[in-house]
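*Asks:* Sharing a structure below in structure tokens format, with a few things to ask.
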Amino acid sequence: MARFSLLLIILAYGNDTLGNEKQSAEKAIRTPGEIIAQAPADEWRQVRAENLLILELPGGPVMIELADQFAPGHTKNLRLLAAHGFYDGLAMYRVIDGFVAQGGDQAGERDTGQGRRTIPAEFTTAGIAAEDFTALPGPDGYAPQAGFSGGFPAAREPKTGKTWMTHCYGAVAMAREQSPDSGGTDFYIVIGPAQRYLDRNTTVFGRVISGMSAVQQLARGSKAGGVLEDPETNRIEQARIASQLRETERPQVHVMRTDSASFRELIRARSHRPEDWFQYRPDHVDVCAVGVPVRVQASEG
């Protein structure tokens, strides 16, 4: 009987120890807000001026970071079009609530300058090494791996070495017709839940890093396909690459490095949900549920 009582004490103590260890592990993970606020300066990178596209919409400026590493042909073409003033005075002419906002040259008649109206598709790239990809733990429903590279949500196929950007909220991609190579000027922004079924079907070349509220203020189209009867309502006043602006006019934008220790902890926090409010913790996270933190400092001019 004494041995039996001793066994119960040991089991009870062991269970209590395991419970304490579990609680300690949960407390060891900081909340997302704490991680972002306490991330050291060297775990942030400044967005280069030549990679920052600024759209002036009726609701305010929209800042888009261009992703050279995923779609260099598209980002180069966008820079040429913006420098030519191609988008100035055009409109976001097709807006479907919960889906996308599409803009550009609806009539297909505007001069593109040194830019091109159509360019080859860049649905995937083989130019991103495995060590430059921060993979999420667990499965992904649309790809063998999902994660982040260079500050952008992405997916990867290890067998082929191909990587592509994912259609998360705020993704910026090139619209096209039936032919894969028919896009080049008209782009769309994802304004609703992730549209992952579009991955590898259009070229994603950037993401909105500031100003989604201005995109959400765009009037929705009432005609079939979301096309506006009066596109002028959603006029693009101006589209400029930040490097075209005077230095005092350029906003300073910093993005958390997705290969940093802080970002890896942020992934764990989004997966485990360490906040006291949570009673059930899924220990799983989707690539589109981990927002890459951004800090924006307004221009001086």
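*Asks:* Can you tell me which residues in the stretch 77-93 are in a strand (DSSP E or B) and under 27 Å from Val292 (Cα atoms)?
*Replies:* Across the stretch 77-93, the qualifying residue is only Met92.
*Asks:* Related question: Being over 21 Å from Ala39 (Cβ atoms) and touching a helix residue (DSSP H, G or I) at 6+ places or on another chain (Cβ under 8 Å) is the filter here; which residues of the stretch 259-287 pass it? If you could, list the steps in order and put the result at the bottom.
*Replies:* So in the stretch 259-287, the residues over 21 Å from Ala39 (Cβ atoms) come out as 276-284, 286.
Hits for the stretch 259-287 are Arg281, Pro282, Asp283, His284.
*Asks:* Considering only residues that are of a type in the set (Val, Ile, Thr) and assigned to a loop (DSSP other than H, G, I, E, B), which ones fall in the stretch 160-205? Show your work before the answer.
*Replies:* The initial filter retains those residues of the stretch 160-205 that are of a type in the set (Val, Ile, Thr), namely 160, 163, 166, 172, 185, 189-191, 202-204.
Matches in the stretch 160-205: Thr160, Thr166, Thr185, Ile191, Thr202, Thr203.
*Asks:* Next up: Which pairs do you get when a residue that is part of a loop (DSSP other than H, G, I, E, B), found in the stretch 147-159, comes within reach of a residue that is of a type in the set (S, T, N, Q), reach meaning Cβ atoms under 9 angstrom, with the pair 6+ apart or on two chains?
*Replies:* Gly150/Gln69; Gly150/Thr258; Gly151/Thr258; Pro158/Gln145
*Asks:* Give the stretch 113-137 a look and list any residue that's under 20 Å from the mean Cα position of the chain (by Cα) and part of a loop (DSSP other than H, G, I, E, B), or say none.
*Replies:* Ala121, Glu122, Phe123, Thr124, Ala126, Gly127, Ile128, Ala129, Phe133, Leu136, Pro137
*Asks:* Still on this structure: Answer yes or no: is there a residue in the stretch 60-76 that is farther than 15 Å from Ala173 by Cβ, over 17 Å from the mean Cα position of the chain (by Cα) and not in a helix (DSSP H, G or I).
*Replies:* The answer is yes; a qualifying residue exists.
*Asks:* Has the stretch 100-109 got at least one residue that is within 27 Å of Arg270 (Cα to Cα), at pLDDT 95 or above and either more than 18 Å from the chain's Cα centre (by Cα) or buried (at least 17 other Cβ atoms within 10 Å of the Cβ) (or both)?
*Replies:* If we filter the stretch 100-109 for residues that are within 27 Å of Arg270 (Cα to Cα), which is where we start, we get 100.
Pick out the ones that are also at pLDDT 95 or above and you get 100.
Going one step further and asking which of them are either more than 18 Å from the chain's Cα centre (by Cα) or buried (at least 17 other Cβ atoms within 10 Å of the Cβ) (or both), we end up with 100.
Looking through the stretch 100-109, at least one residue is within 27 Å of Arg270 (Cα to Cα), at pLDDT 95 or above and either more than 18 Å from the chain's Cα centre (by Cα) or buried (at least 17 other Cβ atoms within 10 Å of the Cβ) (or both).
*Asks:* Here is a check on your reading of the model: is Val208 surrounded by 20 or more Cβ atoms within 10 Å (Cβ to Cβ), of a type in the set (A, V, I, L, M), touching a Phe, Trp or Tyr at 6+ places or on another chain (Cβ under 8 Å) and not in a loop (DSSP other than H, G, I, E, B)?
*Replies:* For Val208, the condition - surrounded by 20 or more Cβ atoms within 10 Å (Cβ to Cβ), of a type in the set (A, V, I, L, M), touching a Phe, Trp or Tyr at 6+ places or on another chain (Cβ under 8 Å) and not in a loop (DSSP other than H, G, I, E, B) - is not met.
*Asks:* Moving on to the next point. Against the condition of a type in the set (Ser, Thr, Tyr) and either under 22 Å from Tyr169 (Cα atoms) or in contact with a Phe, Trp or Tyr (Cβ under 6 Å, 6 or more places away or on another chain) (or both), how does Ser299 come out, does it pass?
*Replies:* Details: of a type in the set (Ser, Thr, Tyr): yes; either under 22 Å from Tyr169 (Cα atoms) or in contact with a Phe, Trp or Tyr (Cβ under 6 Å, 6 or more places away or on another chain) (or both): no.
No: the conditions fail for Ser299.
*Asks:* Please go through the stretch 215-237 and give me each residue that is over 17 Å from Asp186 (Cβ atoms) and under 25 Å from the mean Cα position of the chain (by Cα), ordered by number.
*Replies:* Gln216, Gln217, Ala219, Arg220, Glu237 - these are the residues of the stretch 215-237 that are over 17 Å from Asp186 (Cβ atoms) and under 25 Å from the mean Cα position of the chain (by Cα).
*Asks:* Additional query: Ala41 is checked against (1) exposed (fewer than 13 other Cβ atoms within 10 Å of the Cβ); (2) touching a Pro at 6+ places or on another chain (Cβ under 9 Å); (3) farther than 30 Å from Ser222 by Cβ; (4) at pLDDT 95 or above and fails just one. What number does that condition carry?
*Replies:* Tallying (1) exposed (fewer than 13 other Cβ atoms within 10 Å of the Cβ); (2) touching a Pro at 6+ places or on another chain (Cβ under 9 Å); (3) farther than 30 Å from Ser222 by Cβ; (4) at pLDDT 95 or above, Ala41 fails exactly one: (2).
*Asks:* I'd like to check something: does the stretch 259-282 contain any residue that is among the aromatic types (Phe, Trp, Tyr) and crowded, with 17+ Cβ neighbours inside 10 Å? Before the answer, list the steps.
*Replies:* Here is the first cut: in the stretch 259-282, the residues among the aromatic types (Phe, Trp, Tyr) are 263, 277-278, 280.
Going one step further and asking which of them are crowded, with 17+ Cβ neighbours inside 10 Å, we end up with 263.
Yes, the stretch 259-282 contains a residue that is among the aromatic types (Phe, Trp, Tyr) and crowded, with 17+ Cβ neighbours inside 10 Å.
The values are calculated or read from the model by the stated rules, or taken from the named source; none is laboratory data. Remember, predicted model here, so these are calculated numbers, not experimental data. As a convention, Cβ positions derive from the backbone with ideal geometry for all residues, glycine included, and neighbour counts pool all protein chains shown.
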